[in-house]
Amino acid sequence: MKKDLEHEFVQQLEANQNIVHKICRIYTNDKHGHNDLFQEITIQLWKAYPKFRGDAKFSTWMYRVALNTAITLYRKKKRRPDNTDIEAVAYRLQADAYDDAQEQQLKLIYEAIKQLNDIEKALVFLYLEDKNYAEISDTLGITEVNARVKMNRVKNKLRTILNP
């Protein structure tokens, strides 16, 4: 019985692991933090899996657990003193032929998203994942109307951040 549960969980996790990676990218600044958060989310998913009733899709349930875990760890991290990431200040060589314009745009967008509060980050993440407002409201535990209103406010906030 436990082997079956473990097998089901591993299959579901493997099929939907990109969800966790995307959440990790939003809530962390480096590869080390990404790996730590991925591991913590996986642990929390495994702990909660026996309680998964199947009322919602696995991916929706996974979003909820992963976002709650990321937000909880993010808030705990905020209480600690801030450290500078060594990769951010290390000297790097870049090839002349490499055009990183798209990468720089993504970096700016992620930096803007990191300035949002926890709920706003989750909202943007789900929106960028092409989730409809019904799924967003279900995942975040708010009404559809509230999700739409918050999303419009977040869009305006991001515009202000990106175009000061």
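The values are calculated or read from the model by the stated rules, or taken from the named source; none is laboratory data. Bear in mind the structure is a predicted one, so any value in this text is a computation, not a measurement. As a convention, Cβ positions derive from the backbone with ideal geometry for all residues, glycine included, and neighbour counts pool all protein chains shown. The accessibility values were calculated without ligands, DNA or RNA, using every heavy atom of the protein model including side chains. Shrake-Rupley method; radii C 1.70, N 1.55, O 1.52, S 1.80 Å.
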Part of a helix (DSSP H, G or I), open to solvent by less than 50 Å² (accessible area, probe 1.4 Å) and at pLDDT 80 or above - does that describe any residue in the range 83-104?
no
Just one of the numbered conditions (1) at pLDDT 85 or above; (2) over 13 Å from the mean Cα position of the chain (by Cα); (3) not polar (S, T, N, Q) is not true of C24; which one?
(2)
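With respect to H21, determine if the residue is open to solvent by 60 Å² or more (accessible area, probe 1.4 Å) and without any contact (Cβ under 8 Å) to a residue 40 or more places away in the chain. Break it down into steps so the answer makes sense when it comes.
Working: open to solvent by 60 Å² or more (accessible area, probe 1.4 Å): yes; without any contact (Cβ under 8 Å) to a residue 40 or more places away in the chain: yes.
Judged against the criteria, H21 is a match.
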So how many residues does the range 116-164 have that are surrounded by 12 or more Cβ atoms within 10 Å (Cβ to Cβ), within 14 Å of the chain's Cα centre (by Cα) and of a type in the set (S, T, N, Q)?
1
Residue among I136, I142, I161 that alone is among the aliphatic types (A, V, I, L, M) and more than 19 Å from A56 (Cβ to Cβ):
I161
Select from the range 26-64 the residues that are in a helix (DSSP H, G or I), farther than 16 Å from G141 by Cβ and of a type in the set (V, I, T) and write down the one among them that is most open to solvent (accessible area, probe 1.4 Å).
I43
